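The values are calculated or read from the model by the stated rules, or taken from the named source; none is laboratory data. Small disclaimer: the values here were computed from a predicted structure and weren't measured. Cβ sites come from the backbone with ideal geometry, for glycine too, and all protein chains shown count toward neighbours. Only protein heavy atoms, including side chains, enter the accessible area calculation; ligands, DNA and RNA are left aside. Shrake-Rupley method; radii C 1.70, N 1.55, O 1.52, S 1.80 Å.
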Amino acid sequence: MRTQFSGFADRSSPFANAGLTQPALGGITELRYSEQPGIMQMLLLPVLKQLSEQSRWQLWLTPAHKLNRSWMQQSGLPLEKSMHITESERLSTVESMVKALRTGNYSVVLAWIPYELNDEERLELELAASEGEALGLIMRPQGHERVLTRQSNPSKIPSDLFH
């Protein structure tokens, strides 16, 4: 698994009360996962549960799959603070993710992006996450490490998350 992260988005930091300079919040993390059952839950659930304690929403940007609501309920994730948007033809997933991160309305924005980000896309996402004090999670199955450009190759998404 490869991760890149610059900090958790927690607006209730003790730095604010103490008058100290608060570290930079927000960041982008890339998770490359295997298709083995249970791996996603072990990696993703603890982070999502912690972030669900914030008053902000969680946004799922996915390909043409519906989020499995019963999985979310069984996992203890709050449906009332979760939003799901399937990939739009009008905007690319990266553009959608940048816009969502920048708003500050979301504690986390999860997106399935089946290609390697270029430096410009990565920088734009990092800046948007920092501005919105949010975590951006880029999900990619293992085996896509060598894909350098956008392709219409549909990636496999763990079936327990979607139906």
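Along the range 115-120 the Karplus relation, 6.51 cos²θ - 1.76 cosθ + 1.60 evaluated at θ = phi - 60°, assigns HN-Hα couplings of 9, 5, 6, 7, 4, 5 Hz to successive residues, with x for each Gly and Pro. Near G136, the amide H atoms lying under 5 Å from its own belong to G27, I28, T29, V109; only residues 5 or more places off or on other chains count, and H is placed 1.01 Å from N. In this structure the amide hydrogen of W112, modeled in the peptide plane, comes within under 5 Å of the amide hydrogens of L61, M139, none closer than 5 places in sequence on its chain.
What is the sum of charges, Lys and Arg at +1 and Asp and Glu at -1, for the other residues whose Cβ falls under 14 Å from the Cβ of G76? Could you put the intermediate results ahead of the total?
On the way: positive: K49, R69, K81; negative: E53, E80.
Around G76, the surrounding residues sum to +1.
A cut-off under 10 angstrom between Cβ atoms defines the neighbours of M139, and their net charge, with Lys, Arg +1 and Asp, Glu -1, is +1.
Rolling a 1.4 Å probe over the protein heavy atoms of the range 43-103, with every protein chain left in place, gives an accessible area that is 49 percent carbon and sulfur. Using heavy atoms of the protein chains and a probe of 1.4 Å, the accessible area assigned to E126 is about 40 Å². Summary value for the range 82-137: 44 percent relative contact order, contacts being C-alpha pairs under 8 angstrom separated by 6+ residues. FRET efficiency for the pair K99 and R69, taken as 1/(1 + (r/R0)^6) with r the Cβ-Cβ distance and R0 = 22 Å, rounds to 0.35.
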